[in-house]
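The values are calculated or read from the model by the stated rules, or taken from the named source; none is laboratory data. Computed from a predicted structure; not experimentally measured. Here the Cβ positions follow ideal geometry from the backbone for every residue, glycine too, while neighbour counts run over all protein chains shown.
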Amino acid sequence: MKIFLENLYHSDCYFLPIRDNQQDLVGVELITHFSSEDGTVRIPTSRVIAQLTVEQHWQLFSEQLELLKSCQHFFIQHKLFAWLNLTPQVATLLLDRDNFAGELLKYPFIELLINENYPHFNEGKDNRELLSLSQMYPLVLGNLGAGNSTMKAVFDGLFTRVMLDKSFIQQQITHRSFEPFIRAIQAQISPCCNCIIAGGIDTPEILAQIIPFDFHALQGCLWPAVPINQITTLVQR
């Protein structure tokens, strides 16, 4: 996808791995970077997303969906899930247009990722759009603990998977109260979802500290994102 802001930028997609405690691959998050045409300037993805039109939101989502479809045999063969970021603009289209929704449902390994800043997130299942999405697709909360919301949406059981925010993990792990605090969170939310993931695993030291908590999966800079043409390297040990 190409977009013109003050300059022309193009999108590049990468797979950010999600691994279990044995560091085996269990899934990926599809992330997008935007760079200038000559590759010398990179613009923050959040800045680009904030300026997209509804049509451009859908164009980006469609391109990402096509990319995942092209890799579907890899995901099916290795029994992996793939997270696709869902913006409110795309969510509205998925709910309003049956043909869009039907296309996505053909690929059960795809899960839709939202964050705590999703509109009216604190309403939980009282948010009809969020409830409808959760009834149609596997939803993932990507940053629990970022400080932007209550836990209502989690307690309402709207998410298949919940990932603890990377900054939350890295800030709390330095405190002596980390162990009872994290175990209390796990006890609270484990009845509400199928999988709890720890983000922010950026160093071997953090990994060593987090392993005893037996999270279902882990994500962080310890396992860098790879371009699309290197996806098979993620399952090589």
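Counting residues that are farther than 20 Å from V26 by Cβ and among the aliphatic types (A, V, I, L, M), which helices (runs of 4 or more DSSP H) fully inside the range 37-103 reach at least 1? Spell out how you get there, then give the answer.
Numbers: elements: 45-51, 54-70, 72-78, 88-96.
Hits in the range 37-103: 45-51, 54-70, 88-96.
Between a residue in the range 195-216 that is under 15 Å from P17 (Cα atoms) and any residue that is assigned to a helix (DSSP H, G or I) and small (G, A, S), which pairs come within a Cβ distance under 8 Å, given they are 6 or more apart or on different chains?
Close Cβ pairs (under 8 Å, with a partner that is assigned to a helix (DSSP H, G or I) and small (G, A, S)) amount to G200/S167.
Run V162 past the list (1) within 15 Å of E29 (Cβ to Cβ); (2) in contact with a Phe, Trp or Tyr (Cβ under 8 Å, 6 or more places away or on another chain) and report the number of the one that doesn't hold.
Result: V162 passes all but (2).
With at pLDDT 95 or above and under 22 Å from L80 (Cβ atoms) as the only criterion, which of I206, I182, I211 stands out? Even if it seems obvious, please write down each step before you answer.
Values: I206 fails: under 22 Å from L80 (Cβ atoms); I182 fails: under 22 Å from L80 (Cβ atoms).
The match here is I211.
Name the pairs whose Cβ atoms lie under 9 Å apart, with the first residue in the range 158-172 and without any contact (Cβ under 8 Å) to a residue 40 or more places away in the chain, the second among the basic types (K, R), and 6 or more positions between them or separate chains?
Listed by first residue and then by second, the contacts come to L158/K125.
Can you tell me which residues in the range 212-233 are assigned to a helix (DSSP H, G or I) and out of contact with any Lys or Arg (no Cβ under 9 Å at 6 or more places or on another chain)? Quick ask: steps written out before the conclusion?
Taking the range 212-233 as the starting set, the residues that turn out to be assigned to a helix (DSSP H, G or I) are 212-213, 228-233.
Within the range 212-233, P212, I228, N229, Q230, I231, T232, T233 meet the criteria.
Considering each residue of the range 44-69, count those that are of a type in the set (A, V, I, L, M), modelled with pLDDT under 90 and surrounded by 13 or more Cβ atoms within 10 Å (Cβ to Cβ), and give that number. Break it down stepwise before answering.
Looking only at the range 44-69, we keep the residues that are of a type in the set (A, V, I, L, M), and these are 48-50, 52, 54, 60, 65, 67-68.
Filter once more, so that each one left must be modelled with pLDDT under 90: 48-50, 52.
Okay, now just the ones that are also surrounded by 13 or more Cβ atoms within 10 Å (Cβ to Cβ), so 48-49, 52.
Final tally of qualifying residues: 3.
Examine the range 194-214 for a residue that is small (G, A, S), farther than 20 Å from F159 by Cβ, surrounded by fewer than 18 Cβ atoms within 10 Å (Cβ to Cβ) and in contact with a strand residue (DSSP E or B) (Cβ under 7 Å, 6 or more places away or on another chain), and state whether such a residue exists. Steps first, answer last, please.
At the first step, the residues of the range 194-214 found to be small (G, A, S) are 198-200, 208.
Narrowing the set further to residues that are farther than 20 Å from F159 by Cβ leaves 208.
Retained after the next criterion (residues that are surrounded by fewer than 18 Cβ atoms within 10 Å (Cβ to Cβ)): 208.
Then keep just the ones that are in contact with a strand residue (DSSP E or B) (Cβ under 7 Å, 6 or more places away or on another chain); that gives none.
So far as the range 194-214 goes, no, none of its residues is small (G, A, S), farther than 20 Å from F159 by Cβ, surrounded by fewer than 18 Cβ atoms within 10 Å (Cβ to Cβ) and in contact with a strand residue (DSSP E or B) (Cβ under 7 Å, 6 or more places away or on another chain).
Run down G145, G124, G157 and say which single residue is surrounded by 18 or more Cβ atoms within 10 Å (Cβ to Cβ) and over 26 Å from I31 (Cβ atoms). Can you show your working first?
Numbers: G145 fails: over 26 Å from I31 (Cβ atoms); G157 fails: surrounded by 18 or more Cβ atoms within 10 Å (Cβ to Cβ).
Answer to the selection: G124.
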